[in-house]
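Each value in this text was obtained by applying a stated rule to the coordinates, not by laboratory testing. Worth saying up front: this structure is predicted, and the values here are computed from it rather than measured. Note that each Cβ is placed from the backbone with ideal geometry, even for glycine, and that neighbours are counted across all protein chains shown.
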Amino acid sequence: GAGPCSLRSKRFLRDRLRNHVGQDASRSTLRLSLGCLLKLKVEVVRISNHEHCHFGLGEREELILSDWMEKYACVSWVEHNEPWLWESHLIQTLTAPLNIKGNDRHPFVAKLKEIRASAFASARSEWNRCKS
């Protein structure tokens with residue numbers, strides 16, 4: 001039978017990967033994590049009361065993050081009729097240090113959360129300074 005709709009992606013993997021490679025970090029937690037690890041400067045923008053984070057010139061003009069992903073990122077997958085049934089199991093059994101959700105057992109996840117939180121705090125602080 002079908003799994004819960006809230007757990008199923010309504011897009012194909014190819015379309016989801018375009019978010020990771022071709023768009024900014026506000027639309028991709030993978031881009032956000034990689035950019036923070038590469039020590040790119042996080043910028044915060046508010047659009048319609050929603051906070052969006054990206055890496056400014058590193059994404060828009062210099063393409064540092066996209067170039068890095070093109071050179072070093074590798075994607076693999078397995079086709080399955082109900083992939084949402086396997087996601088949690090795979091995160092728990094494979095070494096997936098950049099998967100934050102449902103992966104608290106991995107020793108790097110706590111450090112990654114800390115790195116991201118620090119980058120966000122710095123960006124918000126700068127945004128608030130510029131705003132006033």
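Couple of notes before you dig in:
- The slack between residue 105 and residue 82, meaning 0.36 nm per residue of separation minus the straight C-alpha distance, is 5.8 nm.
- Extension gain (nm, one decimal) between residue 71 and residue 118, 0.36 nm per residue minus Cα-Cα: 14.3 nm
- In terms of the mean number of neighbouring beta-carbon atoms within 10 Å, the peptides 73-79, 26-32, 36-42, 124-130 order highest first as 26-32, 36-42, 124-130, 73-79.
- Dividing the C-alpha radius of gyration of the stretch 78-132 by 2.2 N^0.38 Å, with N its residue count, gives 1.65.
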